[in-house]
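The values are calculated or read from the model by the stated rules, or taken from the named source; none is laboratory data. What you see is a predicted model; the values in this text were computed from it and never measured. Counting neighbours? That spans all protein chains shown, and the Cβs are built from the backbone with ideal geometry, glycine included.
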Amino acid sequence: MKIQFLTLFILLSITACSSVSNNKNAKKPSTPASQVKPIPPLPTLLSSSYFGEQKSIIPIEQVFSLTQQQKQDFLKAFNSEQYSSKEPHKRIYQYLENHLTDFNYYSETLNAAESLTQNRGNCLSLAILTKTLADLTDVEIAYQLVETAPVFKKEGNIIVSSQHVRSVLFSPASEEPDAWLIIRGRIYIDYFPTFNSHVLRKVDGAEFKSMYYTNKAAESMIQKDNSQAYWYLNEALKLKQNHSHAINMMALLHENVGYPDYAEKMYQFGIAHSQENLDLLNNYHSLLKSQQRIIEAKEIARQIGRKNDLNPYKWISLGNTSYNSREYEKAIRYYRKANKLAPYLHEGFAGIARSKIQLGNPDYAKKAINKALDNTRNNNTRKLYQAKLDMLTELLTKNTPVLIKEG
């Protein structure tokens, strides 16, 4: 899921599950190592002493480890006669299916041992546990970032939006020297699979490990523990220096403690050097606007407008953030981008409708709600949209002024 003061809401992304992308299945030529541009050092930030002594933080090796008893129980099941007819990657899947039930978007991020003991966690917790089991049995694993509808949670003036990550377990590679293997068997470990979800991109090992600390930092920021959040982000950036979400959160953290100049340096660094910079651009734009730096803000807005991010939910997420910041025209631009990419989704049209209501344009809002209604199959959502449509119809029929207020 994705902090500022007063009524400004900024999105703070954390990872709940796991998934990977292929850019519409188009393969890009690999860049020779000699041509990869080195990433410069991170900008100078507040001294770590500002955030107090370093907190006790679980080392990354311990995140991906089990207790001795848990190892024994798993390996006993893995090597049992009951599992012996299955390939190794299928044994891990069977073990997880037999032992885990209560994973969801809303749980906190747990390490592997905690997830197995408590039988719960979010999707990153599940991916961490899956990797730990794979490492114990030499099963090849990969991670994917998947396009799914974001799940939002509001905590005070923070809006948290979950990313969806999943694990991929592979069948053993052929040991035959002349074998020409076209397709290897694989299993996707994902407690929230959807039929029409798309892989956005692969997640490398460094970023995957860094995700644990960015999630823990987000949880600390929600609890207003800036010191703990800083030390988690410090660990995250050691693992992946250009991890966009860690950079974004470190910038937001410096804004929150009253040092926007340091935040700006982080935004600029992330925009220049991270793989995904849409959230960074949006938050940097909000910072510039808050400082009345209108010309610079307009340039960043133009950069956002030129972005060709193919994930419609990313634009819906940014639209929701802008809406909560009462930037309704900006929200509408983002919702329209989502609609252009995915005209079959209802969320973008619903976002336009509520933004138009806030701007005093109920006639346009009615048209947008009709489109949202046409695009949803969920009964509860349809009832909600129908109620809003009935309200707008009544208001327009009676020519009653619309109260610009959300309940």
Legend entry - K383 being modelled with pLDDT of 80 or more, more than 21 Å from Q163 (Cα to Cα) and more than 27 Å from the chain's Cα centre (by Cα): yes
Inset, instruction - Scan segment 368-383 for residues that are touching a helix residue (DSSP H, G or I) at 6+ places or on another chain (Cβ under 9 Å) and not in a loop (DSSP other than H, G, I, E, B) and jot them down. - result: A368, I369, N370, K371, A372, L373, D374, N375, T381, R382
Inset, instruction - Could you please find all residues in segment 46-61 being assigned to a loop (DSSP other than H, G, I, E, B) and among the β-branched types (V, I, T)? - result: I57, I58
Inset, instruction - Identify, by number, the condition in (1) acidic (D, E); (2) closer than 26 Å to Y334 by Cα; (3) surrounded by fewer than 19 Cβ atoms within 10 Å (Cβ to Cβ) that E255 doesn't meet. - result: (3)
Inset, instruction - Just give me the residues in segment 321-330 being of a type outside the set (F, W, Y), surrounded by fewer than 24 Cβ atoms within 10 Å (Cβ to Cβ) and assigned to a helix (DSSP H, G or I), in sequence order. - result: N324, E329, K330
Inset, instruction - Restricting attention to helices (runs of 4 or more DSSP H) lying wholly within segment 237-315, give those where 1 or more residues are under 16 Å from the mean Cα position of the chain (by Cα) and closer than 27 Å to G205 by Cβ. - result: 244-256, 278-290
Legend entry - Residues satisfying the stated conditions in segment 83-138, i.e. surrounded by 17 or more Cβ atoms within 10 Å (Cβ to Cβ) and among the charged types (D, E, K, R): R91, E114, R120, K131
Legend entry - Scan of segment 371-385 for residues that are closer than 20 Å to R336 by Cα and surrounded by fewer than 16 Cβ atoms within 10 Å (Cβ to Cβ), ordered by number: D374
Inset, instruction - Quick one: V151 ticks every box in (1) at pLDDT 90 or above; (2) within 19 Å of the chain's Cα centre (by Cα); (3) surrounded by fewer than 22 Cβ atoms within 10 Å (Cβ to Cβ) except a single one, so which number is it? - result: (1)
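Yes/no per residue for (1) under 24 Å from E147 (Cβ atoms); (2) modelled with pLDDT under 90; (3) touching a strand residue (DSSP E or B) at 6+ places or on another chain (Cβ under 7 Å):
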| position | (1), (2), (3) |
| --- | --- |
| E299 | no, no, no |
| L345 | yes, yes, no |
| G360 | no, yes, no |
| I369 | no, yes, no |
| A372 | yes, yes, no |
| R377 | yes, yes, no |
Inset, instruction - Hand me the list of helices (runs of 4 or more DSSP H) wholly inside segment 62-136 holding 3 or more residues that are over 25 Å from the mean Cα position of the chain (by Cα) and over 29 Å from I222 (Cβ atoms). - result: 68-78, 88-99
Legend entry - Test: E296 is closer than 23 Å to Q268 by Cβ and either of a type outside the set (S, T, N, Q) or surrounded by fewer than 16 Cβ atoms within 10 Å (Cβ to Cβ) (or both): yes
